[in-house]
1. Of the beta bridges DSSP finds with both residues in segment 107-430, what % are antiparallel, to the nearest 5?
2. Using 1/(1 + (r/R0)^6) with R0 = 56 angstrom and r between the beta carbons of LYS303 and GLN104, what's the FRET efficiency to the nearest 0.05?
3. Ranking request for peptides 312-319, 285-292: highest mean number of other beta-carbon atoms within 10 Å first, then the rest in descending order.
4. Can you sort SER168, SER136 so the residue with the fewest Cβ neighbours within 10 Å comes first?
5. Return the tail of the calculated pair distribution for segment 107-430, meaning the percent of Cα-Cα pairs more than 39 Å apart.
6. So how much slack lies between SER265 and GLN197, counting 0.36 nm per residue of separation and subtracting their Cα-Cα distance, in nm?
7. Taking 0.36 nm per intervening residue step and subtracting the Cα-Cα distance, what contour gain separates ARG272 from THR249 on full extension?
8. Mind ranking 419-431, 403-415, 222-234 by how tightly packed they are, going by the mean number of other C-beta atoms within 10 angstrom, highest first?
Amino acid sequence: MLRARITGRYAQDTFEEIIKRVEDIGLRRGATDVEAFLSARMPSGANSSSAIRNTEYRKALQDAVDIPEELHPPMEYAMRCRASPNGDSFDYTHETSYNRAPVQQIYTTYPIFYGTDRMREPGRAVRFGGFRSEDSIAYGVAEVSIPHIHREGKLERPWLWPTRTKGSPNKHIVVHSNELMALDAWFTSAKEYLGNQGIGRDPSQKEGLLFIHGYNVGFDAALWRAAQLCHDLRFPGLMLCFSWASLGTPGGYPADEATVEWSASNLGQYLRDVTEQLGLSALHIVAHSMGNRALLAVLENWKHKPGTTPIHQIILAAPDVDTSRFRQFGQVFDTFEQVTLYASRNDRAIAASRFVHSYPRAGDANPPLVMSSLATVDVTAAGKDMFGLGHGYIANVSKVFRDLFYVVRHRHKPYQRAGITKRDEGYWELT
């Protein structure tokens, strides 16, 4: 219908430009049953051609379909859009320039200071795939935006569209730029960002928050989630992300298991660089799923050096870690300010891992793991999983996310936080 309504010298170019960004054409809020919505306005027995010419039906289309401002005819065509006299087509042949108001920016951008041991893909753009790099860790800064329509914990991306589709920043979480840096330049950039945050008025502005993703997560997806955490936690300091070389595919579980062990030494180097060179007052870490394996391997032998950044809050979200091995790691938990474990009996990915390995996993709350120097929170009541891909209960359920907010932002102990109660067995439970 759209193609039939575009005529003139540049009709094909205009149509192709729109099709390239078809994922940005959506439905207006409230138009949930579009077929019924439109059918009710189509004259009885009318065919497509007559329906297109019908004024009421065209009005229904206009009401239901949301074509973003930036998809209007490109400025470089230097033409004026003019409706034809009969109203059933558009004429783009009138070669006079026209002025269109700039698209309103309704999103907020965050810099993500990342390190990765992924192999860089060939090409001018900075892209990282799912294979291991044999070189040293790559350091860089990515600018990632969160749309103002964002809902707490949600990861807005084009529905059923390739992960590399950029998306519309007014509707989706988008990576705008990605710049690789030499290590010294990366340190300088991070310090300048902290300086520009107005340090001195709010001590938390000099803190850092590090996100370590789990299994089946590509590089861009790790950046999306890091930005979402920064935004939803209203974190005022430096947002960091370490992206290990997950294949980013559901069938890549065995390869990811091998890679996350290989990546532990690289994560350790990244942590040393962050804690020894940036001058942060505190560092908090959120690790998810299989990413906990690399983190715990590093923390098991971690020694805090005087004058370096202390690691304060450690959040182990749905750790895909053998429970017995987790207990061994737990011997060093008392050297950190607080270690929080989120677990659930409804976590499908953890249940699958338990079946594959024939041993219980720390992220399973059946029963919840109870240890000294560990605050275990059973979030089964949330009813969902954690961070997507079979476990997204922290990111998608507001009660769990609010608990995380008070852990990271206010460093509250469990007894200081509303919404959880202590069980006689020694763990805490989401209520």
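Throughout, read-outs are computed from the coordinates displayed, never taken from laboratory work. Everything quoted here is computed from the prediction, not taken from an experiment. Please note: Cβ atoms are built from the backbone with ideal geometry, for glycine as well, and neighbour counts cover all protein chains shown.
1. Numbers: 24 of 56 bridges.
In segment 107-430, approximately 45 percent of DSSP beta bridges are antiparallel ones.
2. Numbers: r = 51 Å, r/R0 = 0.91.
Efficiency, from the Cβ-Cβ distance: 0.65.
3. Numbers: 312-319: 25.5, 285-292: 28.6.
Listed from highest to lowest mean packing, they are 285-292, 312-319.
4. Values: SER168 21, SER136 11.
Neighbour counts put them in this order, fewest first: SER136, SER168.
5. Working: 3109 of 52326 pairs.
Cα-Cα pairs in segment 107-430 separated by more than 39 Å: 6 percent.
6. Numbers: separation 68, 0.36 × 68 = 24.48 nm, distance 3.15 nm.
Contour length minus Cα-Cα distance gives 21.3 nm.
7. Values: separation 23, 0.36 × 23 = 8.28 nm, distance 2.98 nm.
Extra length from ARG272 to THR249 when fully extended: 5.3 nm.
8. Details: 419-431: 14.8, 403-415: 18.0, 222-234: 22.8.
Ranked from most to least packed, the peptides come out as 222-234, 403-415, 419-431.
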